[in-house]
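Since the structure comes first, as structure tokens, the remarks are kept for the end.
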Amino acid sequence: VRILAHTAQVRDEINAGENVTYLPGYALDKDHIRAYTSIEEACSPDVALVLLIIPTQFLRTFLVNNISSLPIGCPLVACAKGIEVRTGETPFEMMIGELPGKYHKHFAVLAGPSFAKEIMDGQPTNVVVASETASVATLVQRYISDGASLRAYLSDDVHGIEIAGAVKNVLAIASGALSGLGYGNNARAALVCRGLAELTRLAVSSGSNGRSMAGLAGGGGLMLTCSSGL
């Protein structure tokens, strides 16, 4: 596994065996995980899978600046959740707009309730991979699932999964506000259920088939972000 680190400090921490800045207390396999600050080193032409774990508001700039370094022929997976403020586009839509057509059939998105700490603890976790190319989604599923505690499911509803991943964070903020106002579980249940209904209408109106709203990216994401203290 090769990681493109944003800073030299994080690179050095990972290579020393612990990401102290972002995930302290967990040992990393130094023999199989290496971090770099150069995309040419981290993303060589022979990589099997690229996970784009870049905040949504910075993804477009990253794509534009690094087109020549992104490999062709392997899955490029958008892992960030959100909608670009300036354009209203999702990560998948930005990838379509900024990268040449030869990349497009290799795009996928990854979503679902998956706090990093619990994954590192080996707790059961399910996520969902969506792509417009079924074989790409299946390939990403095979790489992501570890055969033990982490399992990826498949979907072709790319837009629905991205809308769910973005909007559930708005509802999570509302859930936190309810707690701050002193409301209890009844109010939170109402917020989650009616929020999910509104989320479904929004997703369907913008092109989703709606089925993802009852799955890991929709209901699963809402349950996690609206009820967790992490």
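The values are calculated or read from the model by the stated rules, or taken from the named source; none is laboratory data. Predicted model, so just to flag it, every value in this text is computed and none were measured. Using ideal geometry, Cβ is built from the backbone for each residue, glycine included, and neighbour counts are taken over all protein chains shown. Areas reflect the complete protein model, heavy atoms only, side chains present, ligands, DNA and RNA absent. Shrake-Rupley method; radii C 1.70, N 1.55, O 1.52, S 1.80 Å.
Overview of results
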read-out: Within the range 36-54, tally of residues that are under 17 Å from Gly97 (Cα atoms) and surrounded by fewer than 19 Cβ atoms within 10 Å (Cβ to Cβ); value: 1
read-out: Segments classed as helices (runs of 4 or more DSSP H), wholly inside the range 1-102, with at least 1 members that are over 29 Å from Ala217 (Cα atoms) and either of a type outside the set (S, T, N, Q) or touching a strand residue (DSSP E or B) at 6+ places or on another chain (Cβ under 6 Å) (or both); value: 8-16, 39-42
read-out: Positions within the range 113-143 being part of a strand (DSSP E or B), more than 15 Å from Leu51 (Cα to Cα) and among the β-branched types (Val, Ile, Thr), in sequence order; value: Thr125
read-out: Leu154 vs. criteria in contact with a Pro (Cβ under 7 Å, 6 or more places away or on another chain) and within 22 Å of Ile96 (Cβ to Cβ); value: no
read-out: Top-ranked residue in the range 115-127 [being without any contact (Cβ under 8 Å) to a residue 60 or more places away in the chain and within 15 Å of the chain's Cα centre (by Cα); ranked as nearest to Val140 (Cα to Cα)]; value: Thr125
read-out: Residue count for the range 181-213, restricted to those that are open to solvent by less than 70 Å² (accessible area, probe 1.4 Å) and either assigned to a helix (DSSP H, G or I) or in contact (Cβ under 8 Å) with a residue 12 or more places away in the chain (or both); value: 19
read-out: Residue list for the range 55-88, filter: of a type in the set (Lys, Arg) and either surrounded by 11 or more Cβ atoms within 10 Å (Cβ to Cβ) or touching a Ser or Thr at 6+ places or on another chain (Cβ under 9 Å) (or both); value: Arg60, Lys81
read-out: Any chance Pro91 is of a type outside the set (Phe, Trp, Tyr), within 26 Å of Ser206 (Cβ to Cβ) and in contact with a Ser or Thr (Cβ under 7 Å, 6 or more places away or on another chain); value: yes
read-out: Count of residues meeting criterion [polar (S, T, N, Q) and either touching a helix residue (DSSP H, G or I) at 6+ places or on another chain (Cβ under 9 Å) or touching a residue at least 40 places away in the same chain (Cβ under 8 Å) (or both)] in the range 45-57; value: 1
read-out: Filtered residue count, the range 214-230, keeping only those that are assigned to a helix (DSSP H, G or I) and either within 17 Å of His159 (Cβ to Cβ) or open to solvent by less than 70 Å² (accessible area, probe 1.4 Å) (or both); value: 11
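The rows are residues; the columns are (1) open to solvent by less than 60 Å² (accessible area, probe 1.4 Å); (2) in contact with a Lys or Arg (Cβ under 9 Å, 6 or more places away or on another chain); (3) under 13 Å from Ala217 (Cα atoms).
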{"position": "Leu110", "(1), (2), (3)": "yes, no, yes"}
{"position": "Pro113", "(1), (2), (3)": "yes, no, yes"}
{"position": "Asp121", "(1), (2), (3)": "no, no, no"}
{"position": "Gln141", "(1), (2), (3)": "yes, yes, no"}
{"position": "Ile144", "(1), (2), (3)": "yes, yes, no"}
{"position": "Ser149", "(1), (2), (3)": "yes, no, no"}
{"position": "Asp157", "(1), (2), (3)": "yes, yes, yes"}
